[in-house]
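Written out below as structure tokens is the structure these notes cover.
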Amino acid sequence: MAITLGPNQYGKAEVRLVTVDRQGPVHHLKDLTVSTSLRGHLERTHLTGDNSDVVATDTQKNTVYAFAKDGVGEIEDFALRLARHFTGSFEHITGARILISEHGWNRIEVDGRPHDHAFTRASDEQRTTAVTVQDGTAWVVSGLTGLVVLKSTGSEFHGFPRDRYTTLAETTDRILATAVTARWRYRGADPSGIDWSKSFADIRRVLVETFATKHSLSLQQTLYAMGEAVLEARPEVAEIRLSLPNKHHFLVDLAPFGLSNDNEVFYAADRPYGLIEGTVLRDDEDGDDAGLAWHTLPAF
Ligand SMILES: O=c1[nH]c(=O)c2[nH]c(=O)[nH]c2[nH]1
């Protein structure tokens with residue numbers, strides 16, 4: 001039986017990086033978590049322990065901090081700079097994947113005016129990107145996670161099969177709530193000329209507006225509508241994946257207290273939760289150009 005080394009990668013996970021742009025009295029913060037993964041001809045270290053091809057993960061971490069000195073800018077651009085550096089500087093490193101999540105900070109308001117250098121953490125929501133460079137070609141998959149949304153009506157769920165294990169009541173009016181994780185792949189290899197910040201802001205707006213306005217017969221239907229709206233609004237996006245935990249809000253039975261409950265009092269369950277996941281794509285999109293950017297990412 002022949003044994004061989006399969007696909008592998010290595011890097012520094014979750015480098016915490018905060019930068020302060022202090023060019024003027026008004027400071028600008030960037031708060032990132034950066035993970036690097038390198039791929040290439042790494043048989044020697046795995047098979048013999050010869051590390052002459054191994055760019056140490058400690059060096060990868062230091063590179064992240066050193067590159068931040070010139071300013072981070074948009075996370076997609078920062079990730080592209082890092083990935084191109086690693087693949088361009090070391091002969092045996094042929095691929096790099098850089099994952100970045102950006103944590104938001106809001107300025108504290110003092111007497112109604114935004115403070116120059118004091119902030120509150122925005123929320124658990126994060127903007128994300130996954131940049132892959134392989135043999136000189138780059139792919140960009142950006143997204144967001146932890147975007148919590150809720151609508152207090154405009155959601156129904158009925159018509160599902162009933163068997164001996166079904167107890168769920170049908171409803172024509174329920175709370176619908178979720179924490180959106182979305183990842184969208186930018187069209188084509190080496191995407192350029194994209195205003196990353198504007199693209200992100202528009203996609204986020206379309207996602208939340210569609211969640212709000214689409215009358216929902218299931219979270220699955222809402223997922224598809226959200227993805228479809230993004231693809232219709234943003235031609236630079238090839239496909240989008242959504243992962244939507246159904247944050248159940250169950251009606252509390254107030255009958256034991258002689259009270260009615262007309263969709264006013266709920267128990268917000270944290271687990272278990274339904275998990276609705278799916279991809280919405282253009283049917284003319286050639287999956288091949290996604291290359292390593294998409295198909296080797298965890299599905300959601
Ligand atoms: O929108 C929903 N989709 C489901 O698949 C499902 N299953 C369930 O119990 N509640 C819901 N709600």
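The values are calculated or read from the model by the stated rules, or taken from the named source; none is laboratory data. Remember, predicted model here, so these are calculated numbers, not experimental data. All Cβ positions, glycine included, derive from the backbone under ideal geometry; neighbour counts span all protein chains shown.
Would you check if Ala177 is within 22 Å of Lys247 (Cα to Cα) and either in contact with a His (Cβ under 7 Å, 6 or more places away or on another chain) or among the small types (Gly, Ala, Ser) (or both)? When the stated conditions are applied, Ala177 passes them. For the stretch 111-118, state whether one or more residues are away from the ligand (no atom under 16 Å from the Cβ), under 30 Å from His215 (Cα atoms) and exposed (fewer than 14 other Cβ atoms within 10 Å of the Cβ). No; the residues of the stretch 111-118 include none that is away from the ligand (no atom under 16 Å from the Cβ), under 30 Å from His215 (Cα atoms) and exposed (fewer than 14 other Cβ atoms within 10 Å of the Cβ). Screening Thr33, Thr63, Thr19 for residues that are over 30 Å from Pro114 (Cα atoms) and either free of Cβ contacts under 8 Å to residues at least 12 places away in the same chain or in contact with a strand residue (DSSP E or B) (Cβ under 9 Å, 6 or more places away or on another chain) (or both) leaves exactly one candidate, Thr63. Tallying residues that are modelled with pLDDT under 95, surrounded by 20 or more Cβ atoms within 10 Å (Cβ to Cβ) and polar (S, T, N, Q) within the stretch 133-187 yields 1.
When each of Asp202, Asp195, Asp190 is tested for being under 29 Å from Asp77 (Cβ atoms) and loosely packed, with under 12 Cβ neighbours inside 10 Å, the lone residue that passes is Asp195. The set of residues from the stretch 226-262 being surrounded by fewer than 17 Cβ atoms within 10 Å (Cβ to Cβ) and within 16 Å of the ligand (Cβ to nearest atom) comprises Phe250, Leu251. Residues of the stretch 214-225 that are more than 11 Å from the ligand (Cβ to nearest atom) and either assigned to a strand (DSSP E or B) or modelled with pLDDT under 95 (or both): none at all. Scanning the stretch 127-163 for residues that are farther than 19 Å from His248 by Cα and free of Cβ contacts under 8 Å to residues at least 40 places away in the same chain returns Pro161, Arg162, Asp163. Scanning the stretch 174-195 turns up at least one residue that is within 15 Å of the ligand (Cβ to nearest atom), outside any strand (DSSP E or B), in contact (Cβ under 8 Å) with a residue 24 or more places away in the chain and over 17 Å from the mean Cα position of the chain (by Cα). Can you tell me which residue among Asp124, Asp70, Asp77 is in a strand (DSSP E or B) and among the acidic types (Asp, Glu)? Asp124 is the lone residue from the list that is in a strand (DSSP E or B) and among the acidic types (Asp, Glu).
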